[in-house]
Amino acid sequence: MEFLRPMTWEDALAARAAHPGALPVQGGTDVMVEINFAARRPDALLDLNPVRELAGWEPVDGRLRIGAGVTYARLIEELGDRLPGLAQASRTVGSPQIRNRGTVGGNLGAASPAGDSHPPLLACGAEIEVASAARGTRMIPAAAFYTGVKRNALEPDELIRAVWTAPATGPQYFSKIGTRNAMVIAVCSFALALHPEERRAGTGVGSAAPTPRRAASAEEFLSAELDWDGRRPIDPGVARRFGELVREAAAPIDDVRGTAGYRVHALAVMARRTLAWAWNDYAGEAGREAS
Ligand SMILES: Cc1cc2nc3c(=O)[nH]c(=O)nc-3n(C[C@H](O)[C@H](O)[C@H](O)COP(=O)(O)OP(=O)(O)OC[C@H]3O[C@@H](n4cnc5c(N)ncnc54)[C@H](O)[C@@H]3O)c2cc1C
């Protein structure tokens with residue numbers, strides 16, 4: 001097997017175009033498992049680790065541009081205050097070893113419906129920057145990035161360069177159900193982000209449909225019902241209806257990790273819980289501001 005090691009982004013794109021059978025590898029926490037279990041036998045590996053710019057992040061025009069090679073450990077450590085939802089999800093990924101190697105770029109590349117970074121990326125309205133040598137750069141909204149089970153919107157000659165998202169302007173929460181507390185693939189997961197300046201709630205549903213997806217009707221309903229200015233407590237009927245709409249957005253299957261019935265039930269519970277946590281933060285903040 002050939003091993004390609006470009007040193008620059010331009011060389012990486014050129015290698016991607018010249019070797020369509022080469023499999024990109026960042027942390028290798030998905031790729032090496034697939035190779036070890038003979039699930040894949042690529043002609044070549046395209047190692048992106050020497051491309052230093054992929055491992056950096058920076059603020060640009062009020063948003064954060066996070067290189068595809070930034071690990072979960074660094075996200076938690078360096079961006080936890082600005083992206084609390086993504087950081088919470090990152091803390092649930094694998095073990096310390098996996099979080100030290102694994103990246104959001106790799107999670108997007110793998111595009112598993114159970115990938116933990118996807119729900120918070122959907123909830124905060126992230127965009128994925130991808131590029132090819134032939135056509136240059138394009139931005140793909142997270143909601144359009146996932147196209148099928150373990151399939152994404154990348155063309156064969158494209159690579160993921162970065163994830164763009166605004167720092168949180170309101171509370172963000174991520175909740176994940178697993179069969180144990182650590183080293184576990186999500187049975188299902190849910191992310192909520194409140195965007196008070198836009199009077200808008202964002203959601204992301206994981207491991208409960210062929211792709212990660214937003215619960216659009218639930219977002220619309222909640223955005224209209226929340227008392228953004230008065231910050232009055234949430235009516236229990238609103239919380240219940242929000243849970244129902246999140247449940248209706250899912251299309252899960254029965255599999256070894258859980259039944260479809262359990263998944264939709266758990267999603268409604270996680271939706272109500274994350275809403276309670278987020279609204280307590282938002283309303284509590286107003287109390288602190290007033291005192
Ligand atoms: C023990 C164990 C536990 C795990 N637990 C979790 C978990 O709890 N939650 C979870 O979500 N995942 C989990 N995973 C899966 C994996 O760690 C994540 O999907 C991780 O985000 C992959 O990142 P990586 O950098 O290692 O990707 P890699 O393995 O390097 O690549 C993954 C895929 O993305 C492609 N790719 C990588 N970089 C790019 C790029 N820049 N452009 C285009 N394509 C690219 C690769 O070709 C490959 O198809 C676990 C894996 C293991 C082995």
Every residue from segment 166-192 that is outside any loop (DSSP other than H, G, I, E, B) and surrounded by 23 or more Cβ atoms within 10 Å (Cβ to Cβ): 172, 173, 174, 175, 176, 188, 189, 190, 191, 192
Single condition residue 85 does not satisfy, out of (1) crowded, with 19+ Cβ neighbours inside 10 Å; (2) within 10 Å of the ligand (Cβ to nearest atom); (3) assigned to a helix (DSSP H, G or I): (2)
Some residue of segment 52-68 being within 11 Å of the ligand (Cβ to nearest atom) and under 27 Å from residue 192 (Cβ atoms): yes
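A quick yes/no check of all residues on (1) of a type in the set (Val, Ile, Thr); (2) closer than 22 Å to residue 81 by Cβ:
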| site | (1), (2) |
| --- | --- |
| 179 | yes, no |
| 202 | no, yes |
| 207 | no, no |
| 235 | no, no |
| 249 | no, no |
| 257 | no, no |
| 264 | yes, no |
Members of segment 93-144 found to be near the ligand (Cβ under 6 Å from one of its atoms) and either β-branched (Val, Ile, Thr) or not in a helix (DSSP H, G or I) (or both), listed by number: 93, 94, 98, 102, 103, 115, 116
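To keep it simple, each residue is scored yes or no on (1) surrounded by 21 or more Cβ atoms within 10 Å (Cβ to Cβ); (2) among the hydrophobic types (A, V, I, L, M, F, W, C); (3) closer than 23 Å to residue 165 by Cβ.
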position	(1), (2), (3)
20	no, no, no
33	no, yes, no
56	no, no, yes
71	yes, no, yes
79	no, yes, yes
93	yes, yes, yes
98	no, yes, yes
104	yes, yes, yes
Subset of segment 145-165 that is assigned to a loop (DSSP other than H, G, I, E, B) and without any contact (Cβ under 8 Å) to a residue 60 or more places away in the chain - its residue that is surrounded by the fewest Cβ atoms within 10 Å (Cβ to Cβ): 155
Residue pairs meeting the criteria (Cβ under 6 Å; at least 6 apart or on separate chains; first without any contact (Cβ under 8 Å) to a residue 60 or more places away in the chain, in segment 267-284; second small (Gly, Ala, Ser) and crowded, with 16+ Cβ neighbours inside 10 Å): 268/243; 272/239; 272/243
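Just so you know, all these numbers are worked out from the coordinates, no wet-lab data involved. Just so we're clear, the structure is a prediction, and the values are computed from it rather than from any experiment. For neighbour counting, all protein chains shown are included, and Cβ atoms are generated from backbone atoms with ideal geometry for every residue, glycine included.
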